[in-house]
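Notes follow the structure.
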Amino acid sequence: MTHTHWLTLLAVGLAASGLAGCSSSLSGHQVKDALKQAQSSKKTSGKTAKDESIIKAAQELNADGKYKKSNQKLSTINLTDLNKKGFGALKTEFFSLQKSNDKFLLKKNQGKTTGTSGTTSQASGGTTTTTPTTNHSFDGYSKYTGDYYFYNDDDGDRQQETLTIHGDGTVVQNNNDGSAFHGTATIKNSGATGVLSYDVTTGTNDTKTIDANVEIDVTWSNGEHEAYYGYTSYDDDIVLTDGNSYDGDLVNEVWMQ
């Protein structure tokens, strides 16, 4: 036996005895928990790295003025991951970059309309579009402004992705195909009861009825109107629902901060 071979066997023996001593002090349940934690940490690290690379690519597209493509790149990130532990910085950068894209896309959209803010113009094909106007109705309702994500995309069948309500009432809905809808909203107190929503505290598609605190009325740039009912969940999350049923046992639109 060579000297090197003897040292190798000695190292293997010491490692085995160390593991044996360690495992003997842990129960089988504790060992399994430790393995699960290690696997979960590795999985989270992998997802974080993947999302970081996506955001970096989206940042480069934004810097090149390719705002729609930047949003399309962001749409490949699973938003449910961003609400998990360890993704806080990525979540902040995601919405910051998305706001930057939307800001320039909104300017381009408004630049194609004629007249002053708040007027309507005739677009090609005979469609009437409305230029969004700003307002101060959210001055006393700041907790309802900010970024929301679509609660149930029905395994990717729904186009909605994120919704942003700004303090001046402007609204941007980003879709998973990279497109965006723009509009303006007003908010008021609501006493509506029995409004359909999801039980968002369960993370499932279970529905429930809620008592609304506010009503948010949105006028989209194509002239369409939509109403959302806002309330606070049992976990203190701000939730918006349109209260309409979808596909029988689902809710049409539920958004969650």
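The values are calculated or read from the model by the stated rules, or taken from the named source; none is laboratory data. Treat the numbers as computed from the prediction; the structure is a model and nothing was measured. Ideal geometry is used to build each Cβ from the backbone, glycine not excepted, and the neighbour counts take in all protein chains shown. Remember, those area values only see protein heavy atoms, side chains included, never the ligands or the DNA or RNA. Shrake-Rupley method; radii C 1.70, N 1.55, O 1.52, S 1.80 Å.
Just a few scattered comments:
- Residue within the range 102-114 that is open to solvent by less than 70 Å² (accessible area, probe 1.4 Å), at pLDDT 85 or above and within 27 Å of Val200 (Cβ to Cβ) present: no
- One residue stands out in the range 68-101 among those that are hydroxyl-bearing (Ser, Thr, Tyr) and closer than 16 Å to Lys56 by Cβ: the one that is modelled with the highest pLDDT, namely Ser70.
- Residues of the range 218-257 classified as part of a loop (DSSP other than H, G, I, E, B) and within 18 Å of the chain's Cα centre (by Cα), total: 8
- Residue check, Thr162 open to solvent by 30 Å² or more (accessible area, probe 1.4 Å) and of a type in the set (Val, Ile, Thr): no
- Residues located in the range 239-257, provided they are open to solvent by 10 Å² or more (accessible area, probe 1.4 Å), in contact with a Phe, Trp or Tyr (Cβ under 7 Å, 6 or more places away or on another chain) and of a type in the set (A, V, I, L, M): Met256
- Of note, Ala192 does not satisfy the criterion of being surrounded by 18 or more Cβ atoms within 10 Å (Cβ to Cβ), in contact (Cβ under 8 Å) with a residue 24 or more places away in the chain and not polar (S, T, N, Q).
- Whether a residue is in contact with a Gly (Cβ under 7 Å, 6 or more places away or on another chain), modelled with pLDDT of 95 or more and open to solvent by 20 Å² or more (accessible area, probe 1.4 Å) was assessed, and Thr207 does not pass this test.
- Any hit, the range 245-257, residues being under 18 Å from Gln98 (Cβ atoms) and touching a Gly at 6+ places or on another chain (Cβ under 8 Å): yes
- Beta carbons closer than 7 Å, at least 6 apart along the sequence or on distinct chains, pair a first residue in the range 139-167 that is under 12 Å from Leu79 (Cβ atoms) with a second that is of a type in the set (Lys, Arg) for Phe150/Arg158.
- Test: residue in the range 179-186 that is assigned by the TED database to the domain that holds Ile238, at negative phi, open to solvent by 40 Å² or more (accessible area, probe 1.4 Å) and at pLDDT below 95: yes
- Scanning the range 73-101 for residues that are without any contact (Cβ under 8 Å) to a residue 60 or more places away in the chain, surrounded by fewer than 19 Cβ atoms within 10 Å (Cβ to Cβ) and within 13 Å of Thr164 (Cβ to Cβ) yields Ser96, Ser100.
- The set of residues in the range 221-238 being touching a residue at least 60 places away in the same chain (Cβ under 8 Å) and crowded, with 17+ Cβ neighbours inside 10 Å consists of Ser221, Gly230, Ile238.
- Criterion (more than 17 Å from Thr232 (Cβ to Cβ), in the same structural domain as Gln159 (by the TED database) and of a type in the set (Ser, Thr, Tyr)) met by exactly one of Thr193, Thr204, Thr209: Thr204
- Positions within the range 168-185 being among the β-branched types (Val, Ile, Thr) and without any contact (Cβ under 8 Å) to a residue 60 or more places away in the chain, in sequence order: Val171, Thr184
- Extreme residue, farthest from Thr164 (Cα to Cα), among residues of the range 187-217 that are in a strand (DSSP E or B), within 22 Å of the chain's Cα centre (by Cα) and of a type in the set (S, T, N, Q): Thr207
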